[in-house]
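Rule-based calculations on the coordinates, nothing more; no lab input. On a predicted model such as this, the values are computed, not experimentally measured, just so you know. For neighbour counting, all protein chains shown are included, and Cβ atoms are generated from backbone atoms with ideal geometry for every residue, glycine included.
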Amino acid sequence: MRWVTCEFEGEERVGLIVGDDVHLHDRGPSLLEVIDGGELAEVAARLRRSPSDVLPLESCHLVSPLPRPPSVRDTIGFLDHVRGCRRAYGRDPHLEEVWYQVPAFYFGNPSSVLGPYDEVPMAPGSRWFDFELEVGAVIGRTGRDLGLRAAQEAIVGYTLFCDWTARDLQRLDTAMGIGQGKGKDSGLTLGPWLVTAEEIADSVRDGALDLEIWASVNGQEIARGTLAGMDWTFAEIVSYVSRGTDLRPGDVIGSGTLPGGCLLEHLTGDPDTFDRWLRPGDVVSLGGDLLGRTEQRVVPGVPVHRLRSGF
């Protein structure tokens, strides 16, 4: 099943993709509420049989399938992404032992979620604006301290995930040593739809999700690869993040960036003179097997209110 949230007649409506159409639910529950109620199969059967409205998929105004997820965590499932970023900044790409012990993650901002075709404002004050090519796993049931099998079974589906990053602001964050801050706070894309886990069950090989994903900027492909190369599987990641805390339906957990799937990893020379950072007017697209395609235009950000330090 592929689920969407569509703006229709001034409201956000849940929809199920059937062929080239979207079968819309009547006014009422959000996709999050349908997931939380464990009603995906029941609602899908009803929408196939007697939808409230039917629209061509190509004409739907799709927003994020989960416009307001309860929480967002982004992990580093691909260690080659970290190595690539270190090389770009002229650092030793060798990773310390801790990187192999647990999957690193940080909390994203659920209030910054964008739809798959929304404009993306540059982060205020940033000149080194970047995207990151990822996939998000969506939790479908409450769970805590999950083993690997239970963790995999807790995933209801997957969606494309773009982690917009202000690399210059991120440098300030990391210099203080307390984790991600304003470098990761201004935008996060989910969509265009949620594809359910059973829909892509045939793509799971030895616990890894073997789906190809890609990214382009202004029509030029930047990266392409498969999630099968993740150093940490989604089951391992979900199991780890569930330690000592409840995961809830609708929580989103990012895969981490596909190696090469951001502009930073293609940096050469001085970041201040690097001419490939995103600028207003640039169009970024992500795509993936069964996951659909996003297309978003970068637009100017708002001016910053200067602090006493001048920044």
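For the chain, the longest principal axis of the C-alpha atoms and the axis of helix 167-176 are separated by about 70°.
Please give the FRET efficiency for residue 299 paired with residue 175, using the beta carbon to beta carbon distance and R0 = 25 Å, rounded to the nearest 0.05. According to the calculation, E is roughly 0.30. For residue 223, the residues 5 or more places off, or on other chains, whose built amide H falls under 5 Å of its own are 215. For the chain, the direction-averaged projected area of the alpha-carbon convex hull comes to 16.6 nm². Length gained on full extension, residue 206 to residue 228: 7.0 nm, using 0.36 nm per residue less the C-alpha separation. When each of 68, 167 is scored by the number of other beta-carbon atoms lying within 10 Å, the sequence from fewest to most is 68, 167.
The H on the amide N of residue 187, modeled in the peptide plane, is under 5 Å from the matching H of 164, each at least 5 residues off or on a different chain. Relative to the longest principal axis of the Cα atoms of the chain, helix 40-49 runs at roughly 60 degrees. The string of couplings for region 296-311 from the Karplus curve (6.51, -1.76, 1.60, θ = phi - 60°) is 9, 9, 7, 10, x, x, 7, x, 8, 8, 5, 8, 4, 6, x, 9 Hz, one whole number per residue in order, with x for Gly and Pro. Rounded, prolate or oblate for region 2-63? Axes are the square roots of the Cα gyration tensor eigenvalues, ordered a ≥ b ≥ c, and the cut-off for rounded is a/c under 1.5. Oblate shape, in that a/c is at least 1.5 and b/c is the bigger or equal ratio.
Compute the helix-to-body angle for 79-88: its Cα long axis versus the longest principal axis of the chain, expressed 0 to 90° and rounded to tens. So the helix axis and the longest Cα principal axis differ by about 30 degrees. Amide H contacts under 5 Å for residue 73: 108, 252, 253, 254, restricted to partners 5 or more places along the chain or on a different chain, H placed in the peptide plane at 1.01 Å from N. Taken one residue at a time, the phi angles of region 268-274 give Karplus couplings (6.51, -1.76, 1.60, θ = phi - 60°) of 10, x, 6, x, 5, 10, 5 Hz. Gly and Pro are set to x.
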